[in-house]
Amino acid sequence: MNRTTALLLAMAALLAHAIALHLEPDGRLGQPFEESHAAFRLARNWVHEGLLVWNPGEDAASGLRGGLGSHASPLLVAISALAERLLLPVNRVVQILGAVAALLTISTSTRFAVDRSAGIIPALLLVTSGTFATAAGSGTELPFLTFALALAFVARERRRTLLFALGMLMLVSVCAEGLVMASVLALFAIGERRRREGGPRPTPLWSLGPALVAGIALALAPDGYGGRLYLATLADLNPALVPEGLRYLADFSITAVTPALVLFPLGGLLVGRLKPEGARALLLAGVWLGLILFEGGGVAPFAASLAPMLPLLAIAVQFGVIAALDRRRPALEALCWAALIVTSLGSALASKGASTMHWHQAWLEDSFARPALGREPLRGRSSLQEELRETKDMRALGRFLREQVDTELSVAAPWPGALGSLADRTVIDMSGRRTASRAGRRPAWPVRRPLDLVACLEQRPDLLLPMRISDNKQLQQRGTQLGLDPEWLASLQLEVDARRHLLTTLENYELVTVPVADERDPRSYGGQPIRLLRRRDLDLAPRLTLRVESGDLVVEVASSPAGRGHPQLVHLELVAVDAAGDRYLVDPRGRLHAEDSIHARTGLLVDHGDGRPVQLFRAPLPEAGQPLREIRARLLNPRMREEHPLAACSATVVHAFE
């Protein structure tokens, strides 16, 4: 098999790997990651509103208007804006271009030792890497950054001046971290000019010009929050976040497996047999790793934030293996190829889906790194599946808000990207990564920052996507009168006063369950319902009326005020109390039952309508052993215990008998 055929097969294998990873349970290709949807929102506002801001309708002083600092990846925003302008599906265009960039990365990384069997090592390691395949289909800036970094490095080493200039320009246009990597490559290019004569032709300094101009412009460009785009992003790097970054690295090492092969280039470096190209690739990979450590680890699943260093690491491993093979020792040669095969198989195994093998499940669960807000501590493909599921839910919620909820109502969410890309309204980021948590404070993108939920609630969002609401009696007893999960509250690490203020503020919200449409059939509410917290003072709760008419018990519901409500899912609970004080629940046929968990109606879709009452229940007045004293009616959120503090989604109405 010649090298070209092997390379094409490797590209096909990567494409199949990426598609398999990003398939949803129903067989459809998953959407781009939640992160990338933030760029889609900026691009949409830029194209349709003429403003490169996060919330066009907000005042700049509030910290909610934002700008390019909400997702500081100019290249991704520009690609998204171009697709939006051409009326193309932005999400799919970005995904396809990202996959193309990943394929080009494989071709680029195999430009060394082309006349040896070891020349295909980078392709082997990248194709079997679940981390690299995840980045390829992520729809984020990661595949573009990975390709730009590989292109700039290989072009400089191979003395391809125009390609080097192109790679450097692309590198600084992706993100602030790309500017750092380009600076290191520029130092390589400048440093080689001091070598003695007779060495390789040095890189012309003019090739650094386009990247230099673009880098300075982007470093000093306003970010929309009073800071400078790249400079403000790099200023957020914090040594105190390194321990969290090391836990992210541990997850990557466990699921990627191939990082164990770094022992080959390190060994070659120690004995002085590693070629300079391999040493520089290893150094550049180390610089990227350092950036991620100082950011507290990435937020992308499957440790995809470390994908940009994988081609460099693969090249370094390639030179390390070549150094070992050149020793001409059969045992060492067998060890090299055995290590490559075993680590590649182990890396591919992390991409395996749900398994009944206990050890495989344990391998992909219990992540060392702190999960993203509201996520489970998973690693490998399990974390990717959760990302796809959450993104799908947030897109469904975004469509619901756009089509069914008054555009004047703002929403706060811990995952504002996918929701915000579809919801035409003010969107507040609870994690402070897309919008400033308070005026005068810029968002932390992509660096992790503790959730400032108190500051978020001070901005008085109308709708709030809750994190953890416990429906367990034991947890309710240990928790608060709001029924919030005490373990989640503890994770916020709030002082006593801040915690008290948070709970007091949350008492102003009521819980509602909204239906969402399945993306395959937008006309039907076939998706998984989502719960929202809604401000009580909006007065949008359905209003019940209860009366006895011609011997029948009649319950009607009306929205208030007319036209401002939105569809929500409810159960109707009817409670009859007799003269002796005994309590009974009314079933759909009007019969009385002493046991709990019986509803007169279940799964009702209460729409906002035009404000006129709609009949929910009509049945003959139930009879009990004792005369009835009163009947109470209220609406409940589905799948919640009746005694839960947030279960009721309407006021209780009472009909008393004389």
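Odds and ends about this structure:
- The helix-based estimate of mean residue ellipticity at 222 nm for the chain, built from -39,500 (n - 2.57) per DSSP H run of four or more residues and divided by its residue count, is -14000 deg cm²/dmol to the nearest 500.
- Farthest positive-ward along the chain dipole, Cα basis, beta-carbon charges - from ALA152, LEU628, LEU15: ALA152
- In the full protein context, the chain carries 42 Å² of accessible surface per residue, based on a 1.4 Å probe and ignoring ligands, DNA and RNA.
- For semi-axes √(5λ) of the Cα gyration tensor in Å, computed directly from the structure shown, the correct entry in (1) 77, 28, 23; (2) 80, 24, 22; (3) 56, 26, 21 is (3).
- With Cα atoms, 0 to 90° folded angle of helix 161-174 axis to the chain main axis: 20 degrees
- Farthest positive-ward along the chain dipole, Cα basis, beta-carbon charges - from VAL90, VAL184, ALA323: ALA323
- Our coupling estimate for region 410-425, obtained by passing each phi through the Karplus curve with A = 6.51, B = -1.76, C = 1.60 and θ = phi - 60°, is 8, 9, 10, 8, x, 10, x, x, 4, 5, x, 5, 10, 7, 8, 5 Hz, Gly and Pro reported as x.
- Between helix 176-191 and the chain: long-axis angle, C-alpha atoms, 0 to 90°, nearest 10: 10 degrees
- Accessible carbon and sulfur surface of the chain relative to its total accessible area, %, 1.4 Å: 57 percent
- Net charge contributed by nearby residues that have their C-beta within less than 13 Å of LEU151 (K/R +1, D/E -1): +3
- In range of the label at SER550: residues from region 601-643 whose backbone nitrogen is under 14 Å from the point 7 Å along Cα→Cβ: 618-621
The values are calculated or read from the model by the stated rules, or taken from the named source; none is laboratory data. For clarity, every value in this text was computed on a predicted model and none was experimentally measured. All Cβ positions, glycine included, derive from the backbone under ideal geometry; neighbour counts span all protein chains shown. Heads up: the accessible areas ignore ligands, DNA and RNA and are worked out on the full protein's heavy atoms, side chains in. Shrake-Rupley method; radii C 1.70, N 1.55, O 1.52, S 1.80 Å.
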